[in-house]
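Data first, discussion second: the structure below is written as structure tokens.
Values in this text are rule-based calculations from the coordinates and carry no lab data. Source: prediction; values computed, not measured. In this analysis, Cβ positions are derived from the backbone assuming ideal geometry, glycine residues included, and neighbour counts consider all displayed protein chains.
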Amino acid sequence: MFKRILSVTLTVFVLAASLYAQKEQPPVGGTPKDFKVPAYKTVTLKNGMKLTLIPYGTTPKATIRIIVRSGSLNEQPDQVWISDLAADMLLEGTKNKSAQEVAEETASYGGGFFASAATDQTQLGADVLSEFAPALIKLLGEVLLSPSFNEKDFERIKGNYLTNLSVSQTSPDAMADKELYKQVYGNHPYGITEPTMEALKGYTVDMAKKFFESNFGAKRSHLYVSGVFDEKAVIKSVEEVFGSWKEGADVYLNPAKLDKSKKFALVDRPGSKQSKIVYGTPVVDPTAPDYVSFMIMNSLLGGSFGSRITSNIRENKGYTYSPGSGVMTRYRSGFWYEEADVTSSVTGAALKEIQFEINRLANEVPSDEELDGIKNYEAGIFVLRNSSRPGVIGQIGFINFHGLSDEYIKTYVKKIYDTKPAEVSALVKKYLPLDKFTLVIVGDKKDVEPQLEGLGVK
Amino acid sequence: MNRAIKILMLFVFVVTGSVFAQLKVDYEYYKLDNGLKVVLSQNKTAPVVTVAVYYNIGFRIEPKDRTGFAHLFEHMMFQGSKNLGKMEFIKLVQSNGGILNGSTRFDFTNYFAVVPSHKLETILWAEADRMTGLDITQENLTNQQGVVTNEVKVNVLNQPYGGFPWLDLPQAANENWYNAHNFYGDLKDLDAATLADVKDFFSKYYIPNNAALVVTGDFEKEDAKTFIKKYFGKIPAGKMQPVPDISEPRQEKEKITVKVDSLANKPAIAFGYKMPAVGTPEYFAMGVIDQVALQGQDSKLYRNLSLKKDIIQVFTEGSIPDLAICLITTDQCYGIFIFFMKTILPPKRSWHRLTKCLKDSQKNH
């Protein structure tokens with residue numbers, strides 16, 4: 001506070017000094033400790049499957065995750081969600097074990113299996129007591145190499161998805177995602193977030209099985225083990241279990257090409273008490289040289305609790321509870337957006353403030369003090385992100401997915417601190433032109449529409 | 001379950017003499033002269049520390065004409081204290097590389113920050129500063145009334161199944177107002193809150209003798225003790241408030257409540273059971289029952305409802321709340337918790353089929 005005032009004018013400084021003289025300043029604390037991302041090693045099996053081992057921490061547990069490059073990216077347009085159904089089917093038992101037996105066995109190792117598919121990857125795994133890591137890997141192998149894919153299980157899971165689909169029609173989040181992804185990704189597989197009810201009803205177990213067989217295999221799979229475990233026993237178990245897995249297809253790449261132009265959609269939700277706003281534009285992806293600086297800019301603008309947009313529309317105006325900005329990253333694409341659920345009557349006012357903050361940062365270079373605070377925050381978050389068993393897997397998985405080297409992790413903190421105030425404003429000017437923004441609103445159309453006049457968003 | 005136990009025992013036998021060290025959780029409990037309870041727990045895995053303060057006041061015993069006030073007050077703790085103005089607490093934590101948050105529960109409200117370990121003193125100073133006193137303006141109160149109103153909208157009023165069943169079930173199951181009111185707050189009560197209410201609530205409940213301070217992570221205990229004494233030791237103790245009667249009449253019969261949610265397009269069902277008093281052996285037994293009956297794909301309920309009977313979409317949310325905090329503040333823990341599961345019914349499955357199946361599950365075990 002002091003420093004910033006000092007840099008403005010002497011008059012303000014004198015006033016501030018008398019005002020703040022009685023206030024106690026926080027103690028600065030000690031000297032920072034060294035932080036290094038845990039050392040890890042990666043081995044590749046003959047069939048192309050990769051294994052990364054990350055010894056971490058002292059709690060006698062191991063986190064085991066297999067990440068398979070299979071997701072909605074690999075779906076046919078008439079089989080949306082089949083990747084999710086296929087992932088769920090993997091928890092329904094193997095040729096030799098029922099789902100119940102698999103669940104009980106995993107529980108006896110101190111954990112529970114999960115499986116979930118996303119846009120580009122499907123993950124399976126469990127957290128288990130250290131001594132059971134090799135046994136869990138063996139079970140994981142059985143699950144992946146000989147899943148049962150029974151019709152009865154498939155129909156039950158499909159029933160769940162039909163319920164989910166029906167429920168999602170009423171949720172502002174799902175309604176916004178559906179429209180946003182359509183606007184951002186168009187005809188690319190990322191652009192369709194839901195099947196139609198009719199299409200989903202027609203899905204069969206054979207479709208899921210075929211999807212699984214075409215998309216799962218050694219070349220697309222990477223197993224990660226982090227925590228406390230016996231390295232030799234784990235490697236041995238992986239080789240024994242997965243060594244015989246078919247190579248399968250190569251990783252399929254189909255980067256989305258995002259069109260940077262003004263887009264607008266207002267999804268009518270009559271009687272809605274709030275408007276859900278998503279407002280953004282295509283930007284850099286994690287392989288860009290200025291990506292880290294961009295993330296610093298994002299953190300200052302809207303990505304952290306103390307950020308400018310949050311301070312404005314939450315802490316000053318009280319328009320919303322949980323606003324925030326971020327970058328939706330896919331392979332070789334990025335989309336920056338600010339998202340907020342605001343009281344319906346202030347939809348236009350909130351958008352105006354968001355635009356104001358974007359313009360202000362583009363046109364006025366932030367102070368060293370404000371930027372230094374954000375740099376420290378992001379450097380601290382980097383430590384936190386890498387300070388748990390799943391966290392380190394997430395970090396290493398991130399660089400592997402985007403095809404980045406270890407250098408990304410090693411130089412991350414340095415790049416944070418190298419970012420200059422003028423660069424932050426330049427990044428806003430370069431990447432966040434308001435006349436090329438996409439705006440999606442889910443709200444009561446008759447209330448919201450008149451509020452958008454003069455904002456230049458339509 | 002039997003089978004699982006057998007498997008487990010077998011492996012326990014096999015791994016006797018395991019090379020892996022046993023889990024040891026380091027901890028030390030003590031109390032300052034002003035009554036503040038302190039818990040230190042060292043773990044040097046990563047160079048971070050967590051500082052958390054728990055105040056023994058939750059939404060259960062908030063003032064009767066101010067539903068939602070305990071939670072609104074939680075927001076006030078970020079709005080300015082003696083030495084830190086609005087946003088300055090948040091910026092202090094962030095600009096030192098940390099994260100922070102708070103939450104309001106049945107019987108306590110907690111605040112925590114996770115920061116790089118060398119910033120321990122900074123955060124202890126800041127937590128002590130807001131325990132010493134708040135400096136809230138009408139403008140800040142009005143602003144947070146707006147924020148909380150939007151929080152209620154985004155989490156409850158504007159969502160299908162909003163607040164279901166965590167807000168609805170206690171209201172339906174309990175008789176005593178303290179256990180049965182709207183904990184998030186009626187919007188008119190939130191609007192009615194005044195600065196005088198804020199001051200009164202702080203002086204009654206936000207006193208060191210009604211709080212517990214927890215420090216975990218990478219730090220030296222002697223340093224922590226010195227800082228804690230320096231910053232928290234000088235805060236005067238306050239007068240402890242009498243605990244209102246929160247007892248609940250014994251429930252003898254099944255209760256069924258129907259709520260119409262115009263945003264939801266599928267029916268959802270939640271079941272709850274009254275819990276034994278916190279800290280009793282029966283309370284911990286319920287923790288085990290929760291695991292056996294509800295949690296995970298190896299649970300009885302999942303097997304009976306989902307796999308065998310083809311009734312689907314079971315979300316279990318066993319509520320065994322606040323175990324750790326109750327262990328350190330046992331003199332003031334209240335029972336009557338609710339234990340529940342919820343399900344969104346698929347089409348063509350009837351309530352009767354589900355309830356029959358639930359009853360069968362109970363009979364069989």
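Do any GluC sites (Glu not before Pro) in the range B:58-142 lie in a loop, going by DSSP, with at most 11 other beta-carbon atoms within 10 Å of their beta carbon, and if so which?
On the way: sites: B:Glu74, B:Glu88, B:Glu121, B:Glu127, B:Glu139; in loops: none.
Sites meeting the loop and neighbour criteria: none at all.
What GluC sites (Glu not before Pro) in the range A:360-441 are in a loop by DSSP, with at most 16 other Cβ atoms within 10 Å of the Cβ? Show your work: numbers first, answer last.
Numbers: sites: A:Glu364, A:Glu369, A:Glu370, A:Glu378, A:Glu407, A:Glu423; in loops: A:Glu364.
The qualifying sites are A:Glu364.
If you build the convex hull over the alpha carbons only and average its shadow over all orientations, what do you get for the range A:35-135? Give it in nm² to one decimal.
Values: hull surface 34.4 nm².
With every direction weighted equally, the projected area is 8.6 nm².
Would you calculate the volume per residue, in Å³, of the smallest convex hull containing every Cα atom of the range A:263-452? Don't jump to the answer; show the numbers that get you there.
On the way: hull volume 23.6 nm³, N = 190.
In the range A:263-452, the Cα hull volume divided by residue count equals 124 Å³.
Across bins of 5 angstrom width beginning at 0, how are the C-alpha pair distances of the range A:340-447 distributed, in whole percent?
2, 10, 13, 14, 14, 15, 16, 10, 5, 1, 0
Need one number for the range B:28-232: average projected area of the convex hull over its C-alpha atoms, nm². Can you show the working numbers first?
Numbers: hull surface 48.8 nm².
Projected over every direction and averaged, the Cα hull of the range B:28-232 covers 12.2 nm².
So what is the relative contact order of the range A:41-242, in percent, for Cα pairs below 8 Å that sit 6 or more residues apart? Mind dumping the intermediate values first?
On the way: 352 pairs, mean separation 79.9, N = 202.
Averaging sequence separation for qualifying contacts and normalising by length gives 40 percent for the range A:41-242.
Report the relative contact order of the range B:28-232, percent, no decimals, based on alpha-carbon pairs under 8 angstrom and at least 6 residues apart.
Values: 334 pairs, mean separation 81.0, N = 205.
Relative contact order of the range B:28-232: 40 percent.
Which is farthest toward the positive dipole end of the protein assembly as shown among A:Ser214, A:Val365, B:Val38, measuring Cα position about the Cα centre, with Cβ charges +1 (Lys, Arg) and -1 (Asp, Glu)?
Towards the positive end, the residue furthest out is A:Ser214.
Looking at this model, which pairs from B:Lys64/B:Lys255; B:Lys31/B:Lys199; B:Lys204/B:Lys255; A:Lys33/B:Lys24 are more than 28 angstrom apart at the alpha-carbon? Show your work: numbers first, answer last.
Numbers: B:Lys64/B:Lys255 25 Å; B:Lys31/B:Lys199 26 Å; B:Lys204/B:Lys255 36 Å; A:Lys33/B:Lys24 24 Å.
Those over the limit are B:Lys204/B:Lys255.
Return an integer: the convex hull volume of the alpha-carbon atoms of the range B:128-284, in Å³ per residue. Don't jump to the answer; show the numbers that get you there.
On the way: hull volume 31.9 nm³, N = 157.
Taking only Cα atoms, the range B:128-284 has a hull volume of 203 Å³ per residue.
Restricting to the protein assembly as shown, what percent of DSSP beta bridges are antiparallel, rounded to 5? It would help to have the intermediate numbers written out before the result.
Working: 85 of 103 bridges.
Once the DSSP bridges in the protein assembly as shown are tallied, antiparallel ones form about 85 percent.
With Cβ to Cβ distances under 13 Å as the rule, what net charge do the other residues near A:Lys201 carry (K, R +1; D, E -1)?
Working: positive: A:Lys158; negative: A:Asp78, A:Glu155, A:Glu198.
It works out to a net charge of -2.
Just to be sure I understand the curve: with the Debye formula and one point per C-alpha of the range A:387-458, what is log10 I(q)/I(0) at q = 0.14, 0.16, 0.18, 0.27 Å⁻¹?
-0.79, -0.84, -0.87, -1.17
Once you have a ≥ b ≥ c as the square roots of the Cα gyration tensor eigenvalues for chain A, tell me rounded if a/c is under 1.5, and otherwise prolate or oblate according to whether a/b is larger than b/c.
Oblate, since a/c reaches 1.5 and b/c is not below a/b.
How charged is the neighbourhood of A:Tyr224? Take every other residue with its Cβ under 10 Å from the Cβ of A:Tyr224, and add Lys/Arg as +1 and Asp/Glu as -1. Working shown, then result.
Details: positive: A:Lys50, A:Arg65, A:Arg389; negative: none.
Net of charged neighbours comes to +3.
How much net charge surrounds A:Lys50 when only the other residues with a Cβ under 15 Å from the Cβ of A:Lys50 are counted, with Lys and Arg +1 and Asp and Glu -1?
Details: positive: A:Lys41, A:Lys46, A:Arg65, A:Arg69, A:Lys219, A:Arg220; negative: A:Glu239, A:Glu247, A:Asp250, A:Asp406.
Net charge around A:Lys50: +2.
Which aspartates and glutamates have a Cα less than 17 Å from the Cα of A:Lys97, not counting those fewer than 8 places away in the same chain?
Excluding near neighbours in sequence, the set is A:Asp88, A:Glu105, A:Glu142, A:Glu151, A:Asp153, B:Asp298.
Nearest 500 deg cm²/dmol is fine: what mean residue ellipticity at 222 nm does the protein assembly as shown get from its DSSP H runs of n ≥ 4 alone, each adding -39,500 (n - 2.57), divided by its residue count? Don't skip to the answer; put the middle values down first.
Details: 30 runs with 323 residues, N = 823.
Calculated mean residue ellipticity at 222 nm is -12000 deg cm²/dmol.
Mind putting together the pair-distance distribution for the protein assembly as shown? All Cα pairs, 10 Å bins, whole percent per bin, short to long.
Calculated over all Cα pairs of the protein assembly as shown, the distribution is 2, 11, 19, 26, 25, 13, 3, 0, 0 percent.
So what J values fall out for the range B:27-41 if you push phi through Karplus, 6.51 cos²θ - 1.76 cosθ + 1.60 with θ = phi - 60°, rounded to Hz, Gly and Pro as x?
7, 8, 10, 7, 10, 7, 4, 7, x, 5, 7, 10, 10, 10, 9
Points 7 angstrom from Cα along the Cβ direction at B:Ala180 and A:Lys246: gap in nanometres?
About 6.2 nm, to one decimal.
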